[in-house]
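Reading through the structure tokens given below for one structure.
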Amino acid sequence: MHIGVPRALNLAGISFADPSSAQATNARARIEWSASLGVRALQLDATAPGLRPRELDRSARRDVGSLLRRLEIGFAGLDLSIPPAHFAEPAHVDRAVKATCEALTLAADLAALIPTPNHLGPVDATGSRVVALSLPATLASDVRDTLANHAISCHCTIADFRWPIPEIENASSGGDAMTTIAATSTIAQTTPGIGHGLDTGTLLIAGLNPARFVSRLATRFPGEPAQLRLTDAAASRRVPVGDGELDELSVDVACQVASYKGFAVVDLRGIPAADLTVPRLWSAS
């Protein structure tokens, strides 16, 4: 079952059966490879050579935008893989904050250059103006404020995929984690510019119902989730989407009821030879 929310493919962390292939080694070739398989929207890897914000001047950013427009590929924001602990460690925090702010600026620039193609349906600009990462459970207030203020200034959102959500200690016990979310989720309540990213595979492994979690989070905090990451799991391990326990239809319905206007970002990290699963995932597109 193909999820009705428009899919995007996260280009971060994809393993290739042939690691020496052009798409495995070159960011531009990977974008073109994705388009050739029918992928209609992409989340770009902000840590990949050739796509790192510090490497892209204004002309290079226009070139990336031109490539995606020519291929009629939608832009689903950026994935930024920074160890969460780096945001709290004195030796790394400045660099982590700088990299995040640079990624937010790049996301805003690319979103302005790449209008969402009409064929992607009900996705608004917020679906493109996202930087996906994981923050630590304990984050200094000045660091949080710097990140949030820069996100707001760029009209972007940080989708924080940390798990468990802070202070929800019983989320993996099978209980109703949402009973405490209103009292404990200080990011969603007090920090505009930073929202929750939800990973469906993580929720399954935690013993939670992804569709129900999406619905109740959106009820508590309109506008959430900041981004939905579409992953699957079976027997507490990650598997390609469609091979596990994920009920895609129920997640799709929950997203539509919640008026979610972003992408369902398919993430294949941890899947061996993940490139071989992409044609199947987009065969119904």
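The values are calculated or read from the model by the stated rules, or taken from the named source; none is laboratory data. As the structure is a computational prediction, the values presented were derived from the model and not from experiment. Every residue, glycine among them, receives a Cβ derived from its backbone with ideal geometry; neighbour counts consider all protein chains shown.
Below, the figures for the structure above:
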quantity: Within region 206-227, considering residues that are at pLDDT 95 or above and part of a helix (DSSP H, G or I), the one surrounded by the most Cβ atoms within 10 Å (Cβ to Cβ); calculated: PRO210
quantity: Test: residue in region 259-281 that is without any contact (Cβ under 8 Å) to a residue 40 or more places away in the chain and buried (at least 19 other Cβ atoms within 10 Å of the Cβ); calculated: yes
quantity: Any hit, region 6-22, residues being closer than 25 Å to THR277 by Cα, of a type in the set (D, E, K, R) and surrounded by 15 or more Cβ atoms within 10 Å (Cβ to Cβ); calculated: yes
quantity: Extreme residue, surrounded by the fewest Cβ atoms within 10 Å (Cβ to Cβ), among residues of region 32-52 that are in contact with a Lys or Arg (Cβ under 8 Å, 6 or more places away or on another chain) and of a type outside the set (A, V, I, L, M); calculated: GLY50
quantity: Residue among ARG70, ARG54 that alone is among the basic types (Lys, Arg), closer than 21 Å to ALA132 by Cβ and more than 18 Å from the chain's Cα centre (by Cα); calculated: ARG54
quantity: Number of the exception - SER128 against (1) crowded, with 21+ Cβ neighbours inside 10 Å; (2) hydroxyl-bearing (Ser, Thr, Tyr); (3) at pLDDT 95 or above; calculated: (3)
quantity: Any hit, region 234-256, residues being closer than 21 Å to VAL131 by Cα and either part of a helix (DSSP H, G or I) or not charged (D, E, K, R) (or both); calculated: yes
quantity: Residue in region 265-274 that is touching a strand residue (DSSP E or B) at 6+ places or on another chain (Cβ under 6 Å) and β-branched (Val, Ile, Thr) present; calculated: yes
quantity: Qualifying position, being among the small types (Gly, Ala, Ser) and over 20 Å from ARG7 (Cβ atoms), among ALA103, ALA107, ALA41; calculated: ALA103
quantity: Residue satisfying condition, being assigned to a strand (DSSP E or B), of a type in the set (A, V, I, L, M, F, W, C) and at pLDDT 95 or above, within set ALA29, ALA99, ALA76; calculated: ALA76
quantity: Filter result (closer than 15 Å to TRP282 by Cα, among the hydrophobic types (A, V, I, L, M, F, W, C) and under 20 Å from the mean Cα position of the chain (by Cα)) within region 34-47; calculated: ALA35, VAL39, ALA41, LEU42
quantity: Residue within region 31-38 that is polar (S, T, N, Q) and under 22 Å from THR277 (Cβ atoms) present; calculated: yes
quantity: Any pair with Cβ under 7 angstrom, 6 or more apart, that starts in region 95-109 at a residue that is without any contact (Cβ under 8 Å) to a residue 40 or more places away in the chain and ends at one that is outside any helix (DSSP H, G or I) and surrounded by 19 or more Cβ atoms within 10 Å (Cβ to Cβ); calculated: ALA96/ILE82
quantity: Test: SER59 is surrounded by fewer than 17 Cβ atoms within 10 Å (Cβ to Cβ) and of a type in the set (Ser, Thr, Tyr); calculated: yes
quantity: Hits in region 1-20 (condition: in contact (Cβ under 8 Å) with a residue 24 or more places away in the chain and of a type outside the set (A, V, I, L, M)); calculated: HIS2, GLY4, PRO6, ARG7, ASN10, GLY13, SER15, PHE16
quantity: Test: residue in region 80-87 that is within 17 Å of the chain's Cα centre (by Cα), modelled with pLDDT under 95, small (Gly, Ala, Ser) and closer than 19 Å to LEU133 by Cβ; calculated: no
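For every residue, the table says whether it meets (1) among the aromatic types (Phe, Trp, Tyr); (2) in contact with an Asp or Glu (Cβ under 6 Å, 6 or more places away or on another chain); (3) within 24 Å of LEU78 (Cα to Cα).
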| site | (1), (2), (3) |
| --- | --- |
| PRO210 | no, no, yes |
| GLU224 | no, no, yes |
| GLN227 | no, no, yes |
| ALA235 | no, no, no |
| VAL239 | no, yes, yes |
| ASP247 | no, no, no |
| VAL251 | no, no, yes |
| GLN256 | no, no, yes |
